[in-house]
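Q: This is the structure I have questions about; it appears just below.
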Amino acid sequence: MSRMRISQLAERSRVPATTLRFYESTGLLPADRTPSGYRVYGEDAVDRLAFIGAAKHLGLPLEEVGELLAVWEAGVCAEVKADLRPRIAARLAEAERRVAELTAFTASLHDAVAHLDALPDRDGPCDPECGFLTPAARHDAGGDVEPGEERWRSAPVACSLGGDDLDDRVRAWREAVDGAVRTEIADGLRLTMPADRAGAVATLAAAEQRCCAFFDFRLRFDGRVVHLEVRVPAEGAGLLAELFDAPD
């Protein structure tokens, strides 16, 4: 079997020598030593590094990569698959949760910019009456919204979109929830669809809140699917049907 020095392995694998030394120190990449103390590696080290790189690309921490390597070394693909799947599913759920949170945060920043641009200029010193904070930010800071209050129930059933904008929004929703399983719930509808649609759905929900505050959106992840629950006051049932009823 051919043996490689660390510089040769770094060139073959395109992994820096400093990283190879680090992997050795963590137990991910064992190395033999020559009588003079140089590190040497077999051909299997190239495949091992490719496996480590793929696992890291999926977001697995080094501790889990080490656990997965132990299964991989046994050489049974079915066991590697069984061990890897729940790890990927956990990363997927976390990534989708972050996407939803970031989308909602982005929407709140858009609202803050629009609110700030709409405020009149004042010649006097700044005080709370300037209203620089958006209403949502004041609520989060302990304003006048009571804990547990659901603002969508008392929001006016009106939409600021119209014409082509409304048509585009309806079309976007139809595409996002195409093929979703629809279930009636109290005050609204539950749509169940593949979890990889969560980002697009969250983006649309955030946009919808800016123009139609009477909609209540809730996302719940459940393994490989995501459930979108949409609720409206009784007067908004028509708009709910327009957006989310399955097309003929």
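The values are calculated or read from the model by the stated rules, or taken from the named source; none is laboratory data. What you see is a predicted model, and the numbers here were worked out from it, not measured in a lab. Please note: Cβ atoms are built from the backbone with ideal geometry, for glycine as well, and neighbour counts cover all protein chains shown. When the accessible area is computed, the model is the full protein with side chains, heavy atoms only, and any ligands, DNA or RNA have been set aside. Shrake-Rupley method; radii C 1.70, N 1.55, O 1.52, S 1.80 Å.
Q: Among all residue pairs at least 6 apart or on different chains, which show Cβ distances below 9 Å where the first residue, located in region 1-27, is closer than 10 Å to residue 49 by Cα and the second is of a type in the set (Phe, Trp, Tyr)?
A: Matching pairs, first to second residue: 9/41; 15/23; 20/41.
Q: Scan region 92-115 and give yes if some residue there is loosely packed, with under 14 Cβ neighbours inside 10 Å, modelled with pLDDT under 75, assigned to a helix (DSSP H, G or I) and among the aliphatic types (A, V, I, L, M), otherwise no.
A: yes
Q: Right, next: Pick out the one residue from 240, 191 that is in a strand (DSSP E or B) and in contact with a strand residue (DSSP E or B) (Cβ under 8 Å, 6 or more places away or on another chain).
A: 191
Q: Just to check your reading of the model, which residue among 195, 246, 172, 200 is among the hydrophobic types (A, V, I, L, M, F, W, C), open to solvent by 50 Å² or more (accessible area, probe 1.4 Å) and modelled with pLDDT of 85 or more?
A: So the residue among 195, 246, 172, 200 that is among the hydrophobic types (A, V, I, L, M, F, W, C), open to solvent by 50 Å² or more (accessible area, probe 1.4 Å) and modelled with pLDDT of 85 or more is 200.
Q: Here is a follow-up. Restricting attention to region 62-87, which residues are more than 25 Å from residue 19 (Cα to Cα), part of a helix (DSSP H, G or I) and either modelled with pLDDT under 90 or open to solvent by 60 Å² or more (accessible area, probe 1.4 Å) (or both)?
A: Selection gives 77, 78, 79, 81, 82, 85, 86.
Q: Test residue 45 against the stated conditions and say whether it is loosely packed, with under 15 Cβ neighbours inside 10 Å, of a type outside the set (Asp, Glu) and not in a loop (DSSP other than H, G, I, E, B).
A: Judged against the criteria, residue 45 is not a match.
Q: Right, another one. Determine if region 13-31 includes at least one residue that is among the acidic types (Asp, Glu) and at pLDDT below 90.
A: Looking for residues that are among the acidic types (Asp, Glu) and at pLDDT below 90, one finds none in region 13-31, hence no.
Q: Residue check: is residue 40 open to solvent by less than 30 Å² (accessible area, probe 1.4 Å) and within 30 Å of residue 226 (Cβ to Cβ)?
A: No; evaluated as a whole, the condition is false for this residue.
Q: Okay, moving on. Please count how many residues of region 18-37 are open to solvent by 30 Å² or more (accessible area, probe 1.4 Å) and not in a loop (DSSP other than H, G, I, E, B).
A: 9
Q: So, of the residues in region 151-172 that are of a type in the set (A, V, I, L, M, F, W, C) and touching an Asp or Glu at 6+ places or on another chain (Cβ under 8 Å), which turns out to be farthest from residue 245 (Cα to Cα)?
A: 152
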